[in-house]
Amino acid sequence: MTRVDQLLPRLAGRDAVGAHTLAVQDALRATGIESDVFAAEWDADVAGRVRTFDEYSDYSDADDAWLMYHASVGSHVGGWFAERTVRKLVDYHNVTPHEFFDAWAPEISGLLVSGRHQLEDLAPLARAGLADSHFNELDMRTAGFAPTAVVPIMVDVRRSVGVVDEQLLDGLGATKRGADWVFVGRVAPNKAQHELIKAFALYRHSFDPGARLWVVGGESSALYRAALDRFVTDLDLANAVVLTGSVSDAELGAYYEAADMFVCVSRHEGFCVPVLEAMAHSVPVVALASTAVPETVGDAAALVPENAPLHEVAAAVWRVASDAPTRRALIEAGHRRVEHFSVERSSQVLLDAISTILGRNA
């Protein structure tokens, strides 16, 4: 019996990599391929679907056994994976360049440097590499992986559609005075929430003094989060900008349902799942054309050149907010883009890639 087990440092069901890992397991098992998930740590809500990596049995003597490692940060689990003699695959979810974190969270910066070195160390040991995007695939090829294939991250971005905290939604609607921006993602320097706040301040000044901004997501750097709080106060935006911290699925649904626009000025993304979440909620997207973002959004977002001044972001938001046909066209294109990245479709892409890899190594 063919088996493709999976390994990662931590399994979290609401995390994109964790959700992808579980979807991969479901897709493999549905075709008769055995697949267990192994990790060093996990959240309580996924405890029934994971085993500690120390329990993994090395199937090196079996011709049809593989172990797939999900790489995104340096970890002792990656080192342990390198020592196994079983046939190896690597599914790469991007390592953020450490320079973004050097000044804000040196401990994270160190893990990112380690993650980059670990990726290069694993390249000659792996039979093949999978990547979430062509942007990530280029990283893998630079590190020395061959062959490689692109398998989009498998996350059900429609999970919060219809799951709404009605009390929160009513409260957001009752205080509406202008266009409401939302951005979803961890508060982290590479996601450039400080640039987002600048663009929003320009938008309020030039177009819509009643606009609000919701920055939704937990923090990767407490120092960066504190700097953002001070920045909001210094710009006299405390009544217009809210950094929510981590939220439930129902709260996330409320912010998407209440938002008029999803605005992303992130400087480094390996895929960017939240832009698809916004599209699933019929929220038009304006984004900088940075790293993997253009590949993910396709024709379903208003893209601003990566090096454009931030007033162009503000102007793009205003054009979408004030032009009903443009807004409708983006919403319709967004729905098509969500379907393009559906779990069902991406599962088939995964199975085709796995089939090719297994056949090549038969």
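Read the figures in this text as sums done on the coordinates, not as results from a lab. Only a predicted model underlies this, so the values are computations on that prediction, with no experimental measurement involved. No Cβ is skipped: glycine too gets one built from the backbone with ideal geometry, and neighbour counts run over all protein chains shown.
Residue 319 to residue 238: extension gain in nm, 0.36 nm per residue of separation minus the Cα-Cα distance? Can you show the working numbers first?
Values: separation 81, 0.36 × 81 = 29.16 nm, distance 2.54 nm.
Taking residue 319 through residue 238 to full extension adds about 26.6 nm, to one decimal.
Taking other Cβ within 10 Å of each residue's Cβ, how do 184, 46 sort, fewest first? List each step's numbers first, then the result.
Values: 184 23, 46 19.
Ranking 184, 46 by Cβ neighbours within 10 Å, fewest first, gives 46, 184.
Mind giving me the nanometre distance, one decimal, between the label points for residue 14 and residue 226, set 7 Å out from Cα along Cα→Cβ? With each label point 7 Å from Cα toward Cβ, the separation is 2.5 nm. Build a GNM of the chain with springs between Cα atoms under 10 Å apart, and of 186, 177, 141 the one that fluctuates most is 177. Among 245, 253, 48, the largest mean-square fluctuation in a Gaussian network model of the chain, built with springs joining Cα atoms closer than 10 Å, belongs to 48. Largest GNM mean-square fluctuation among 117, 70, 98, using the chain with Cα springs under 10 Å: 117.
Site pair residue 352 and residue 186 shows an inter-label distance of 3.2 nm when each label is modelled 7 Å from Cα along Cα→Cβ. Length gained on full extension, residue 156 to residue 248: 31.6 nm, using 0.36 nm per residue less the C-alpha separation.
Calculate for the chain the 222 nm mean residue ellipticity that helices alone would give, adding -39,500 (n - 2.57) per DSSP H run of length 4 or more and normalising by residue count, nearest 500 deg cm²/dmol. Show your work: numbers first, answer last.
On the way: 13 runs with 157 residues, N = 362.
Here the helix-only value at 222 nm equals -13500 deg cm²/dmol.
Calculate how large, on average over all directions, the projected area of the Cα convex hull of the chain is; give the answer in nm² to one decimal. It would help to have the intermediate numbers written out before the result.
Values: hull surface 70.0 nm².
Projected area, direction-averaged: 17.5 nm².
Rank the residues 248, 342 as a footprinting-exposure proxy: fewest other Cβ atoms within 10 Å of their Cβ go first.
Numbers: 248 13, 342 16.
Going from least to most buried by this count: 248, 342.
For the chain, the longest principal axis of the Cα atoms and the long axis of helix 343-360 meet at an angle of about 30 degrees.
Figure legend: label point modelled 7 angstrom from the Cα of residue 195 along Cα→Cβ; residues of the range 278-302 with amide N under 19 Å from it are 285-298, 301-302. The angle between the Cα long axis of helix 16-30 and the longest principal axis of the Cα atoms of the chain comes to about 50 degrees, rounded to the nearest 10. The C-alpha atoms of the chain define a longest principal axis, and helix 249-258 lies at about 40 degrees to it. Going by neighbour counts of Cβ atoms within 10 Å, the residues 166, 306 line up, fewest first, as 166, 306. For the pair residue 1 and residue 344, a Förster radius of 25 Å applied to the C-beta separation gives a FRET efficiency near 0.55, rounded to the nearest 0.05. Projected label points at residue 326 and residue 177, each 7 Å from Cα along the beta carbon direction, are separated by 2.5 nanometres.
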